[in-house]
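> Sharing a structure, written as structure tokens. Questions coming.
Every number in this text was worked out from the coordinates using simple rules, so none of it is lab data. These numbers were taken from a predicted model, which means no experiment stands behind them. Virtual Cβ from ideal backbone geometry, glycine too; neighbours counted across all protein chains shown.
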Amino acid sequence: MNTYPESAKYPTSAEPNADEGLGFDFMAYYHLLREKAWIIVTCALAAVALGGVYIIRTPKVYASTAEVQVNQEQNKVVNIQNVTSEDLSSLELLKTIEQNLSSRALMERVVDKLDLNAQKLNLAPDPAVPYTKAYLGEQLQKVVLVKLIRGTRLIDVTAESTDPAMAQFIANAIVSEYIRPSRWTARRISPPRS
């Protein structure tokens, strides 16, 4: 006597197994890739060609860095009243100097000193934009990076330009224009010699 229903049979090799649909068919993917290889090669060649055109058409940009070392001089005090001690090792003061080196006013002085114009700054001609000293100073700020080197009293001033000599002139001019008023002020404040 058979207690199993007629519909419950053992699976034979001719019947599909439920687990076979979960497998990864490498041969099917291999044949698919072989059939579509021309699309893959065409896309790769197009990407390389577009990258090459972009690199050829993009102008070279040069960077020049001037380094500023911030030192504290010992002041000779004649009158002790109203004297405050500034420690240049404090991060706040170094950050202030860093911000002053990238200020708009300093950039405008550099524009005057180097007689910079739109062509020297590689600005596209635009009749709607007046190339004032303020505008040129703003554009100069965009190509200058001032960065305090962590753990030191050194500040890097980096200028970028398509002309390597112009990049060097800009970096050096920023440093010299920042230092120039400081020396003048220091001379004016110092007491007269007897």
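> Taking a virtual spin label 7 Å from the Cα of A165 along the C-beta vector, which residues in region 115-150 bring their backbone nitrogen under 17 Å of it?
So the set is 115-117, 119-122.
> A further question on this structure: How many nm separate the modelled label positions at A44 and N117, each set 7 Å beyond the Cα in the direction of the Cβ?
If labels sit at A44 and N117, their model points lie 5.1 nm apart.
> Follow-up question, since we're still on this one. What FRET efficiency comes out for I179 versus A128 if R0 is 35 angstrom and r is the Cβ-Cβ distance? Round to the nearest 0.05.
Calculated value: 0.40.
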